[in-house]
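A short write-up of the structure that comes next.
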Amino acid sequence: MLQLLDRYRHKIKTPEELRALLGPFPRDNKVIMCHGVFDVVHPGHIRHLLFAKSKADILITSITADRFIRTSSACGSPRK
């Protein structure tokens, strides 16, 4: 698991690093942001992210923190 984290650690950015990477408006690169709950990643998530990336130069993916996720089974969350 540690090797996997080391392999992709460079893709995790702080807000300051994102601002520097994206630059001011108007931007030269097309940027798309996907936000969601990816606690159980499945092929639908992967297809969604790959499609979004195909439409942009830069794809930003943000994840909802656990403390904001409802545990109700009515909303379809796998959390109990």
| message | Of the residues D28, D39, only one is within 16 Å of the chain's Cα centre (by Cα), of a type in the set (D, E) and part of a loop (DSSP other than H, G, I, E, B); which? | response | D39
| message | Taking the conditions exactly as written (surrounded by 10 or more Cβ atoms within 10 Å (Cβ to Cβ) and either free of Cβ contacts under 8 Å to residues at least 40 places away in the same chain or farther than 20 Å from D66 by Cβ (or both)), does G44 satisfy them or not? | response | no
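Only the coordinates and a few stated rules stand behind these numbers; no lab work does. The shown structure was predicted, so the numbers you read here are calculated from the model rather than taken from an experiment. Cβ coordinates were reconstructed from backbone atoms using ideal geometry, including for glycine residues, and neighbour counts include every protein chain displayed.
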